[in-house]
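As structure tokens, the structure follows; a few thoughts come after it.
The values are calculated or read from the model by the stated rules, or taken from the named source; none is laboratory data. Just so it is clear, the structure is predicted and the values come from calculations on it, not from any experiment. We place every Cβ from the backbone using ideal geometry, glycine too, and count neighbours over all the protein chains shown.
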Amino acid sequence: MEIPTYRMTVELPVGVKDRSGGISLLAEVRAVTGADELYIGMSREYNEHPNDMVYKLLLLGRCVTRLGDNTIVSLSDVQQLHARDIRALEYAVYTITYGSDALPAEEEGAPGGSPSPTRSSISIGRWPSWPTIFIGASGRSWRCRTRAACSG
């Protein structure tokens, strides 16, 4: 029996540069806590510019625990991510915090595009692990034991 880690491994659609100069497609997130929401509500950035994008960036800056081989993730690291990577991380945080049924609905052609289900894959377990839940841009999820089972 595997002990749950309460973290999700996310495969990023675009990826981040790692220390060796290569592109890493793996990230890790944790659930949102009340302390995260209190921090955001009291932050200077959010009080000066109270909008959804600032909220999301501050939230991801607190809930992303790993980007590639970087285990100390700052707000500036999150700000440098591609929009599709931000969307994949946002979906992962919402999924681990509220469940996959609480993902926001997204229309075709909406920001973030509509990548294939394997482009925004999320898994629960140890770092790194093979994805078991795939979440597409529409918010629809598929449960698969292997990548090949969902890529069809």
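Give me the pairs: first residue in region 24-44 and assigned to a helix (DSSP H, G or I), second residue among the aromatic types (Phe, Trp, Tyr), beta-carbon distance under 8 Å, and six or more apart or on different chains, which are they? Qualifying pairs under 8 Å: Ile40/Tyr46; Ile40/Tyr55. The set of residues from region 18-50 being at pLDDT 90 or above, loosely packed, with under 15 Cβ neighbours inside 10 Å and either under 19 Å from Leu67 (Cβ atoms) or of a type in the set (Val, Ile, Thr) (or both) comprises Gly22, Ile23, Thr33.
Can you spot a residue in region 78-101 that is exposed (fewer than 11 other Cβ atoms within 10 Å of the Cβ) and touching a helix residue (DSSP H, G or I) at 6+ places or on another chain (Cβ under 9 Å)? No, region 78-101 contains no residue that is exposed (fewer than 11 other Cβ atoms within 10 Å of the Cβ) and touching a helix residue (DSSP H, G or I) at 6+ places or on another chain (Cβ under 9 Å).
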